[in-house]
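Take this structure first; my questions come after.
The values are calculated or read from the model by the stated rules, or taken from the named source; none is laboratory data. Small disclaimer: the values here were computed from a predicted structure and weren't measured. A quick note on method: Cβ atoms are made from the backbone with ideal geometry, for glycine too, and the neighbour counts reach across all protein chains shown.
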Ligand code: DTR
């Protein structure tokens, strides 16, 4: 009579133990499931950022939250990202505020020619600045991660060594890069990154101005053989949740996500600066004979002079909208210099 009990106890506890062990690894066992959309492929550096975030949230919540990622526009494309999050198509959306400076006016200040030397410093500056000054443009969102590209470079089919080479050239940039190319004398076109490879193939554009890892990650080095060694402006990224959706999350989950946010700026900047871009340049030089063209010192000075008025014009434009432009740029400079020292 005693025997069956004796036998069944370890069996029950073994089954229970296996269930507990299995819980964190199985999506169906998570209490909260979040969808996360991005407009470009998983292999790109923002895509890697998304995967890292998803993994960290799963780990740090002990499996309570499972994040399902949708890269390459499978859930939302570049131009519909932020509205898609508001409509609930995805819980989290990673978009580029640089694609829509009208919607994210203050953030476009980070993409002025501010002399950022790498993505890590620019990403940390963008995150801290947004956290401190809380621009109204994010009022309906909870920002969960921000980062930038390295400063963009002109990458073109034919060599650009001076203003004459650039004159009238059809070059693509993110929205915030358009005034830069215009000031330098090119014929700029604003266009999301995923459309670039085909537009280069069909001759709609003769090149692009953005971070240099796209030479490999979008295989652009097959056609674009020249990079002009003149760093211009960074492109911004922001991953957001709808504010009402965010408010429904339990406090412990919110805490994990908030702790992760500043880390993501550093993680993404480091990966982009120290692995991603360097590997792409090496690959493009070896496989496609990429050439890096330097600007003569006097030519560089003339380009700098052409970009100089952009800041004052931006301040004027923001002031007209009643936005705290001067304060934003003053704090941006402080943070830039502080992070550049570390
Ligand atoms: N948003 C960008 C920059 C960009 C650079 N690398 C990637 C990778 C995936 C998406 C976008 C980007 C631009 O449009 O210039």
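If I go through region 119-156 residue by residue, how many of them are surrounded by fewer than 21 Cβ atoms within 10 Å (Cβ to Cβ) and in a loop (DSSP other than H, G, I, E, B)?
4
Let me ask you something else. Could you identify the single residue in 260, 249, 307 that is under 25 Å from residue 110 (Cα atoms), touching a strand residue (DSSP E or B) at 6+ places or on another chain (Cβ under 8 Å) and in contact (Cβ under 8 Å) with a residue 60 or more places away in the chain?
From the options 260, 249, 307, the qualifying one is 260.
Further question: Read through the list (1) more than 16 Å from the ligand (Cβ to nearest atom); (2) assigned to a loop (DSSP other than H, G, I, E, B); (3) closer than 30 Å to residue 305 by Cα, then give the number of the only condition that residue 101 fails.
(1)
For region 322-336, how many residues meet the condition of being within 16 Å of residue 104 (Cβ to Cβ) and in contact (Cβ under 8 Å) with a residue 40 or more places away in the chain? Break it down stepwise before answering.
Step one: filter region 322-336 for residues within 16 Å of residue 104 (Cβ to Cβ), giving 322-325, 328-329, 332.
Cutting the leftovers down to in contact (Cβ under 8 Å) with a residue 40 or more places away in the chain gives us 323-325, 328-329, 332.
Going through region 322-336 one residue at a time, the tally reaches 6.
Of all residues in region 230-252 being in contact with a helix residue (DSSP H, G or I) (Cβ under 9 Å, 6 or more places away or on another chain) and in a loop (DSSP other than H, G, I, E, B), which is farthest from the ligand (Cβ to nearest atom)?
249
Something else now. For region 199-217, give me each residue that is in contact with a helix residue (DSSP H, G or I) (Cβ under 9 Å, 6 or more places away or on another chain) and either in the same structural domain as residue 123 (by TED's automatic domain parsing) or within 12 Å of residue 172 (Cβ to Cβ) (or both).
Matches in region 199-217: 200, 204, 205, 206, 207, 208, 209, 210, 214.
Mind checking which residues of region 174-195 are in a helix (DSSP H, G or I) and either touching a strand residue (DSSP E or B) at 6+ places or on another chain (Cβ under 6 Å) or within 8 Å of the ligand (Cβ to nearest atom) (or both)?
175, 177, 178, 181, 182, 193, 194
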